[in-house]
Amino acid sequence: MDFSLTDEQRDLRDTARAFITKEVMPLEPELLARERRGESGLPHDELRALQARARDFGFWGLGTPAAFGGADLPTLTQALIWTEVGRSFVPFMFGGETDVILYKANEEQQAEYLLPALEGTRASCFAVTEPDAGSDLTAIRMRARRDGDDWVLNGEKTFITRGAEADFAIVIAVTDPELGYKGGFTAFIVDRAMGWESSVIDTMGPARPISMSFDDVRVPARNVLGEVGQGFPLAMEWIGRGRWRIPAVAIGAAERMLTMAIEYAGQRRTFGTTIGEHQMIQAMIADSEVELESARWLVLLAAWTVDQGQDPRHHASMAKLSGATMANHIADRVMQIHGGMGYTRELPIERWYREVRLWRIFEGTDEIQRRAIAKNLLSGRRRVGGHLA
Ligand SMILES: Cc1cc2nc3c(=O)[nH]c(=O)nc-3n(C[C@H](O)[C@H](O)[C@H](O)COP(=O)(O)OP(=O)(O)OC[C@H]3O[C@@H](n4cnc5c(N)ncnc54)[C@H](O)[C@@H]3O)c2cc1C
């Protein structure tokens, strides 16, 4: 068993790290100032300019299939790069990527939606959650009824990330209530111009998702994504990707926070010595390191499982649960180690503290990950220690 990186993995990781350090981290003070004024921390044009700079040295479409001009990197390499992205709280992502299920678009839809989304000229969002259906997505009620060459959509979606900027939404709706999620849900590509209404939801963190209201919104039948009845597996595919990407980002954030805490513990003095000499501070640092490394290897295992063509869901649930809880523990401990300063807005710890809380909630809560892991074991689909069999 070899836990070392290949030369290519190391090169890509180091290049991503250099870019994040030189181009993205310097934006942090301005981002904090903007967010505190209630503005967008990283306006779309600035994000695109950064993405264009990264493209100059080949960082473009990291996970995008080669057929669409992407690098199609192995998932494990992508996870290493997302960890570097997570080192900064600037909401940066490398360009040339979009919602994974848009790759299911037919040729006409590719030209109209996929390629502009990859170029960043049209923004998308993904809408499955409803006011009465979050963890239990089989309970969605948004209805799509066929009417001539159109489908007519009625209902509500909520908590939709990037919805405020989106030019179009990928919306999961019920096309056959009898079949339910087993063949009765369908994915639609719905332009904002087709008439959905939205309003922004204020949150405790930087996220500004929207709620969406559909009142007889007519969507041409050619805007069905994939096949009619395929909406539930498409939704699961979209969500599945976040289950290794969110904890990969969490590792980067936790590494940076823990490094801050270690530096501070070496400088700050109480009772005649640095706080790093106190065993209670040492315990917080040690526990953080152990949780961080545990999460890292679960994320890399989940990513490796994807690359092996195996079903990654069990490992991805463990990675998401582990990474999200780890980041919350570390944000809390790092704030504690900084004492009163940690609680101020002079340091960015409070911002991370507010942001990382979301990671335990979206794209499958902690409880939903635990439910999936336990059900896999109880049903015999997975065996304890089974991946080394
Ligand atoms: C900022 C933000 C951005 C989001 N972005 C998107 C997006 O882009 N697109 C999208 O479609 N959705 C998005 N979501 C929705 C998100 O995925 C849901 O909020 C999440 O899945 C939880 O659903 P819920 O809020 O309805 O909670 P509920 O499902 O009502 O759960 C409430 C509580 O009950 C627990 N629970 C539920 N079922 C069980 C069970 N079987 N056993 C034990 N405990 C259980 C949950 O873990 C939770 O603690 C976003 C949410 C937020 C907050």
Q | Among (1) touching a helix residue (DSSP H, G or I) at 6+ places or on another chain (Cβ under 6 Å); (2) open to solvent by less than 50 Å² (accessible area, probe 1.4 Å); (3) free of Cβ contacts under 8 Å to residues at least 40 places away in the same chain, the one test that Thr129 misses | A | (1)
Q) In region 159-168, which residues are surrounded by fewer than 19 Cβ atoms within 10 Å (Cβ to Cβ) and farther than 16 Å from Met194 by Cβ? A) Thr161, Arg162, Ala164, Glu165
Q) Does region 354-369 contain at least one residue that is of a type in the set (Ser, Thr, Tyr), in the same structural domain as Ser288 (by TED's automatic domain parsing) and more than 20 Å from Glu291 (Cα to Cα)? A) no
Q) Which one of these does Pro312 not meet: (1) open to solvent by less than 50 Å² (accessible area, probe 1.4 Å); (2) at pLDDT 95 or above; (3) closer than 19 Å to Ile246 by Cα? A) (2)
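For (1) of a type outside the set (A, V, I, L, M, F, W, C); (2) on the phi > 0 side of the Ramachandran plot; (3) within 14 Å of the chain's Cα centre (by Cα); (4) crowded, with 16+ Cβ neighbours inside 10 Å, each residue gets a yes or a no:
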| position | (1), (2), (3), (4) |
| --- | --- |
| Arg218 | yes, no, no, no |
| Arg222 | yes, no, no, no |
| Gly229 | yes, yes, no, yes |
| Phe232 | no, no, no, yes |
| Ala235 | no, no, no, yes |
| Gly240 | yes, no, yes, yes |
| Ile246 | no, no, yes, yes |
| Val249 | no, no, yes, yes |
Q: Filter region 133-150 for residues that are open to solvent by 60 Å² or more (accessible area, probe 1.4 Å) and near the ligand (Cβ under 8 Å from one of its atoms) and give the result.
A: Ser135, Asp136
Q. Given (1) open to solvent by less than 60 Å² (accessible area, probe 1.4 Å); (2) within 16 Å of the ligand (Cβ to nearest atom); (3) without any contact (Cβ under 8 Å) to a residue 40 or more places away in the chain, where does Tyr103 come up short, assuming only one miss?
A. (2)
Q: Among what's in region 348-389 and is among the aliphatic types (A, V, I, L, M), buried (at least 17 other Cβ atoms within 10 Å of the Cβ) and more than 13 Å from Leu321 (Cβ to Cβ), pick the residue that is farthest from the ligand (Cβ to nearest atom).
A: Ile349
(Q) Looking for something assigned to a loop (DSSP other than H, G, I, E, B) and surrounded by fewer than 17 Cβ atoms within 10 Å (Cβ to Cβ) - is there at least one such residue anywhere in region 107-115? (A) no
Q: Find the residue count for region 107-132, including only residues that are over 22 Å from Arg55 (Cα atoms), within 16 Å of the ligand (Cβ to nearest atom) and not charged (D, E, K, R).
A: 6
**Q.** Exclusive hit being closer than 21 Å to Arg192 by Cβ and either in contact with a Cys (Cβ under 9 Å, 6 or more places away or on another chain) or at pLDDT 95 or above (or both), set Ala127, Ala79
**A.** Ala127
Q | Among (1) crowded, with 22+ Cβ neighbours inside 10 Å; (2) part of a loop (DSSP other than H, G, I, E, B), the one test that Ala71 misses | A | (1)
Q) For region 158-214, which residues satisfy the criterion of being closer than 13 Å to Cys125 by Cα, in a loop (DSSP other than H, G, I, E, B) and either without any contact (Cβ under 8 Å) to a residue 12 or more places away in the chain or near the ligand (Cβ under 9 Å from one of its atoms) (or both)? A) Thr161, Arg162, Gly163, Arg208, Pro209
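The values are calculated or read from the model by the stated rules, or taken from the named source; none is laboratory data. Nothing here was measured: the structure is a model prediction, and the numbers come from that model. Counting neighbours? That spans all protein chains shown, and the Cβs are built from the backbone with ideal geometry, glycine included. Ligands, DNA and RNA are stripped out before the accessible areas are found, and what is left, the full protein with its side chains, is counted by its heavy atoms. Shrake-Rupley method; radii C 1.70, N 1.55, O 1.52, S 1.80 Å.
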